[in-house]
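What follows is one structure encoded as C-alpha cells, with my remarks underneath.
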Amino acid sequence: MGSSPGMGRSKRAQFLRAALPCFALTALGSAPAAAQSLTPDLFNPNRGGFASPDTLPTRRTAGVPQAPSDTLPALPDPGADPRKAREKPATSRIGQVPTYGLPAATGASSSGYDSLNRKRQQPKLYPGQAKPKRAAGPGSPVPTTAPPPRTLGLPKIAPPPSASANKAPVSAAMAGTVPGQPLRRRLKADDDPFGAVGDYAGSFLIKGGLELSTGYDTNPTRLNRPVGSPVYVVAPDLLVASDWERHALVADLRGSFSGYTQNMPATINGFASPSPVEADRPDFTGHVDGRLDVSRDLKLTSQLRLRLATDNPGSPNVQAGLQRYPVYAAYGTTVGFDQTFNRFQVAAGATVDRTAYTDSRLTDGSTFGNGDRDFNQYGGIGRFSYDLKPGLKPFVEIQGDTRVHDQAADRNGYFRDSNGGYAKAGTSFEFSRILTGEISVGYSARNYTDPRLSQLAGFLTTGSLIWNASGLTTVKFFTDTQIAETTVPGSSGVLVRTYAAEVDHDFRRWLTAVGKFTYGTLDYQGQNRNDKTYSLEGNLIYKLNRNIWVKGTLRHDILDSNQPGSSSQGTVMLVGVRLQN
C-alpha cells in the first residue's frame, strides 16, 4: 500500500527537527573541554564576588561604550566630608545606590546652632545702619549698664555713692545673676532692719521688750528749791496682735516704774513739804481692742482700757505732808459698731469708765481717804465721716458724758457731779505716704451741779501728723485737749492742752537720734491759776542687733506758774539698755 504526498512531507519535517539539534551538538563538541578552576574570587564576600568583572552576566556586549557607572557602585564612606561630596561634578544616578536622610547641619541658616562649626553669614547692612547686638544666650555674662555719654562743656557725671559703697557679697543665686535663671521676685525692703521680730503663738504675733535705765534726776518732785536723787527706771512693754483673715484682736500694754534711792525732805522751813518723802512713781497704760466682722460693711468694735498713775509732780492736787504719792486707776470699756454706706461711714459706741484713788499715807503715820475723788463716767460717742477722695476723709465727732462721784461733796464741800461733752470737726489725710495723720478743732464744755462752780469750757484741738521728710528723717506732731478733775477749792476743773513735736533721724540704720519738744498749758478755771510746762528731750539709740539696744536720754523740764513758789525746773540724765524680741 503506497504513501500519500501529505504523509511524505510530514515525515520529512520530523526528520529535520531531530537532525538539526544533533548537528549543533556535533559542532560544539569539536571545541576542547575544560573544567572550572578554584580562584580567589570564589571567596570574595562582596556583591558579585563569585564572578570576575569581565564575566558578569550583566556586562554589556561589545561595541557599546562603557561608563564607570556600568559597574556596581561602591557604598558611601561614612567618614567622608559631605561638603566635598557636594563640590564634585554631578554624575549619573543610573545604577547608583540611593542614600537616605539629610547630612548634618544641612538645614542650618545664617543664624542658629551649626554642628559643623561653619562660619555664619554676616547680615548685609545698608549705609549708616547701626550694627545689631547679638542676643545674650546661656552662659553669656550679664550686660552692664553703660554710663551716660559725656556732654561737651559739662562736668563728668559721677556715680551715686551707693554704687561704689562697700557691700556684703551676695551669692549669684540670691542676686538673680545666674545665666538662664528665671526672674526672682524681689523682697520688700525692711523698714526697720533692727526692729523686734516677735514670735508666733498660734495665730498671734507677740512682741515684748524691757528697758532698764539708771541715772540722776536733779529735782524728782519738782520743788521750788531742787533736791536731786539717783534714779532707776524699769519699763516693760508687750504687744499681741492677731493674724486672722477676718476679725482682729490687739493688746498693747506699756508700763514703767521710776525708783529713787534718796528720800525728799519731810519739812521745808518748818512747814510740811508739798512733795512726798518717797518719790517713787508707777505708770501703766494698756488697752485691748477687738473687732468682729459681721459683714463687709458692718463691724462690731470693743475696747478694754486701763491707766495706772499718780498726780504729776508739782501739781496743786498733791497734798502736803505725804509719805508717798497716792495711786489712781482709771479703767473702762467701749462697745460700739462701725457701719459703711458706700463712701459714708458711721461709727458709734457706748462708754463706761471709773476712776478710783488709793488712800493717802501721811508722814505722821496716819491715812487720809480719797473717796471724794472717785467717780464713774457714763457716755457715748459718735463719728460721721465721708470718703471724699483717696487720701482725704473729713469727719464730724460728737461726745457726751455724765460724771457721778462716790461722795456727793468733796473735802472742801463742793458738789462736783457734772455733765459735759465736746463737738469737733476735722479730716484724716494721706498724701503719697509722705504726710499722713488727722487733725480737728472743736469746742468743749462741762456744767456742774454746784452753782458755785462755773462752767468749764474752752476751745480744743486734737491732731497727729507724721511727715516722712526723707528715708532717714521723720517729723511727728501731736496735740490734745482734755478736761481733768481737781481738788483746788473754787476751781471747776483743769483745761489741759498739750503740743508736742518730735524729729527722728537715722545717722545709720543702727544709730538713731530723737529730739522732742513738748509745750503744755494747765488752766485752773475759777482760781485764775495758769501753769505752763516746757520739756526738751534728746535721745541717742545705738542698735547692736534686733534684740539689744543701748539708749541715752537727756531731758530738761520747766514748770512756769503764775502762783508764787510754784515754779520749778529739773534735769534727768539716763543711760540704759533695751532688750526686745
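The values are calculated or read from the model by the stated rules, or taken from the named source; none is laboratory data. Small disclaimer: the values here were computed from a predicted structure and weren't measured. No Cβ is skipped: glycine too gets one built from the backbone with ideal geometry, and neighbour counts run over all protein chains shown. These accessible areas exclude ligands, DNA and RNA; they are computed on the full protein's heavy atoms, side chains included. Shrake-Rupley method; radii C 1.70, N 1.55, O 1.52, S 1.80 Å.
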* Structure fact -> Dividing the surface of the Cα convex hull of segment 340-494 by four yields a projected area in nm² of 13.0 nm²
* For the pair Arg509 and Tyr542, how long in nm is the line joining their label points, each one 7 Å along Cα→Cβ? -> 2.0 nm
* Asked: Magnitude of the Cβ-charge dipole of segment 307-466, K/R +1 and D/E -1, about the Cα centre, nearest 20 debye?
  -> 380 debye
* Count the net charge of all other residues whose Cβ sits under 10 Å from the Cβ of Leu238, scoring Lys and Arg as +1 and Asp and Glu as -1. => 0
* To do: Starting at the first residue of segment 321-328, write each ³J(HN,Hα) from the Karplus equation 6.51 cos²θ - 1.76 cosθ + 1.60 with θ = phi - 60°, in whole Hz, x for Gly and Pro.
  => x, 7, 7, 8, 5, x, 9, 10
* Rank Ala469, Thr571, Thr479 by how far each Cα sits towards the positive end of the charge dipole of segment 432-581 (+1 on Lys, Arg Cβ; -1 on Asp, Glu Cβ) and give me just the farthest. => Ala469
* Magnitude of the charge dipole, segment 196-336, Cβ model with Lys/Arg +1 and Asp/Glu -1, debye to 20 -> 340 debye
* **5 angstrom amide H check on Ala266, placed H, neighbours 5+ away** => none
* Given charges at Cβ of Lys, Arg, Asp, Glu: segment 224-296 dipole, positive-most of Gly255, Ala279, Tyr232 -> Ala279
* For segment 388-402 versus segment 240-261, the gap between their alpha-carbon centres in whole angstrom -> 26 Å
* Structure fact -> Taking a ≥ b ≥ c as the square roots of the Cα gyration tensor eigenvalues, with a/c under 1.5 meaning rounded and otherwise prolate when a/b beats b/c or oblate if not, segment 191-278 comes out prolate
* Around Phe337: net Lys/Arg minus Asp/Glu count, Cβ-Cβ under 13 Å -> 0
* Asked: Normalized C-alpha radius of gyration of segment 471-523, against 2.2 N^0.38 Å?
  -> 1.71
* Structure fact -> Computed ³J(HN,Hα) along segment 293-308: with the Karplus parameters 6.51/-1.76/1.60, θ = phi - 60°, integer Hz and x for glycine or proline, the list is 7, 6, 8, 5, 10, 10, 9, 9, 10, 7, 8, 10, 9, 8, 10, 10
* Using the Karplus equation 6.51 cos²θ - 1.76 cosθ + 1.60 (θ = phi - 60°), what ³J(HN,Hα) coupling, rounded to whole Hz, does each residue of segment 414-419 give in order, writing x for Gly and Pro? -> 9, 8, 9, 5, 8, 10
* In segment 305-372, with Lys and Arg counted as +1 and Asp and Glu as -1 at Cβ, which of these residues, Leu306, Asn342, Thr367, has the Cα nearest the positive end of the dipole, that is, farthest along it? -> Asn342
* By the scheme Lys and Arg +1, Asp and Glu -1, what is the net charge of all other residues having a beta-carbon under 9 Å from that of Gly371? -> -3
* Carbon + sulfur, % of accessible area of segment 281-429 - ligands and nucleic acids excluded, 1.4 Å -> 58 percent
